[in-house]
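Student: Following this message is one structure expressed as structure tokens.
The values are calculated or read from the model by the stated rules, or taken from the named source; none is laboratory data. Worth saying up front: this structure is predicted, and the values here are computed from it rather than measured. Neighbour counts are summed over all protein chains in view; Cβ atoms, including those assigned to glycine, are modelled from backbone coordinates with ideal geometry. Just so you know, the surface numbers come from the protein's heavy atoms only, side chains and all, with ligands and any DNA or RNA stripped out. Shrake-Rupley method; radii C 1.70, N 1.55, O 1.52, S 1.80 Å.
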Amino acid sequence: MKGREALLLQYLHETNCLYKVGDDGVAINKNIYALDSFMENTHFKHGWLKLKDLAFKALSVNVSDIYAMGATPKYALLALSIPQNFSAKNIKELAIGIADACNFYKIKLIGGDTISSSLLGFHFTLIAEQNNILVQRKGLNIGDILCFSGTLGSSYSTLQQCLHGFMPTYCKRHEVFFARRIGSMLIPHISKHITMGMDISDGLSVELTRLSKINHVGFKFLRKLSKQELISGEEYQALIAVAPKNLKKVLLIAQKNRQQLHPFAQVIHGRYKGIGKEWHK
């Protein structure tokens, strides 16, 4: 967790006003609530993607958090900061991207706010329907097998192109960076068979460091992963833990949902300190 965010939460905890903060969202009365921001110069740079693609990705990032908890997103509120120099054409392109994303995920946009700003920013609040099992980051057991969905590393490759001044166009090679393929959508289908679930937004190694700290465990790798696979952020693939007796069942369910799950580590006593850094500082 970022230093300033941790400090803010520490002060808020002292006021006793926080309620179950610490996961991708919070469950209240069978609903899941989650809020995330997608800000220019923090999460993206001007010119990296077309405006409609940025708008689509902004919602996808939030949707991924909801699916990671085993829930189904239903409604959204959006606070949108729009640069003063945006034309009517720019605003229309944003609207198209937001509408496309809402239709794709079957989400109703029920309100929000717009403000004038020097930077473009999307601030989505999602309301989701909790399924039978609430999936959280805490709950790892010694012996559990860790798996990730899809493939890791392509988002890092696309980011390098962006950093060198190239605007990628949407295609299969870049679909992960565009957040058009959300691996965490698998989690609601396997929620009753797993002990932990989350999405990979800051890189696999960073997420493992967080899990190690939260659950007070370490990890033994069962396969060799490249540095790019370990540090690539914004993958939005599923990261799950499953008891060995349920592994075959979970792999079959993933296959039926046209998803690949890759077992790569086992939970052990100890601690894990990964490599890489948070993408969104």
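Student: Quick one: which residue in Ile145, Ile107, Ile133 is more than 28 Å from Leu230 (Cα to Cα) and open to solvent by less than 40 Å² (accessible area, probe 1.4 Å)? Talk me through it step by step, then tell me what you get.
Tutor: Details: Ile145 fails: more than 28 Å from Leu230 (Cα to Cα); Ile133 fails: open to solvent by less than 40 Å² (accessible area, probe 1.4 Å).
Testing whether each residue is more than 28 Å from Leu230 (Cα to Cα) and open to solvent by less than 40 Å² (accessible area, probe 1.4 Å) leaves just Ile107.
Student: How many residues are open to solvent by 10 Å² or more (accessible area, probe 1.4 Å) and either part of a loop (DSSP other than H, G, I, E, B) or within 18 Å of Leu186 (Cβ to Cβ) (or both) when one looks only at region 203-236?
Tutor: 6
Student: Out of all the residues in region 68-93, which are within 21 Å of Leu134 (Cβ to Cβ), open to solvent by 10 Å² or more (accessible area, probe 1.4 Å) and at pLDDT below 95?
Tutor: At the first step, the residues of region 68-93 found to be within 21 Å of Leu134 (Cβ to Cβ) are 68-76.
Imposing the further condition that a residue be open to solvent by 10 Å² or more (accessible area, probe 1.4 Å) reduces the set to 72, 74-75.
Passing the criteria: only Thr72.
Student: Determine which single condition Ile96 fails, assuming it passes every other condition in (1) over 30 Å from Gly165 (Cα atoms); (2) of a type in the set (A, V, I, L, M); (3) open to solvent by 70 Å² or more (accessible area, probe 1.4 Å); (4) modelled with pLDDT of 95 or more.
Tutor: The number of the failed condition is (1).
Student: If a residue has to be outside any strand (DSSP E or B), touching a Pro at 6+ places or on another chain (Cβ under 8 Å) and surrounded by 14 or more Cβ atoms within 10 Å (Cβ to Cβ) to count, how many in region 110-130 make the cut? Give the steps one after another, and end with the answer.
Tutor: Start the filter on region 110-130 by keeping residues that are outside any strand (DSSP E or B), which leaves 118-120, 130.
From what is left, the residues that are touching a Pro at 6+ places or on another chain (Cβ under 8 Å) are 118-120.
Keeping just the survivors that are surrounded by 14 or more Cβ atoms within 10 Å (Cβ to Cβ) gives 120.
Of the residues in region 110-130, 1 are outside any strand (DSSP E or B), touching a Pro at 6+ places or on another chain (Cβ under 8 Å) and surrounded by 14 or more Cβ atoms within 10 Å (Cβ to Cβ).
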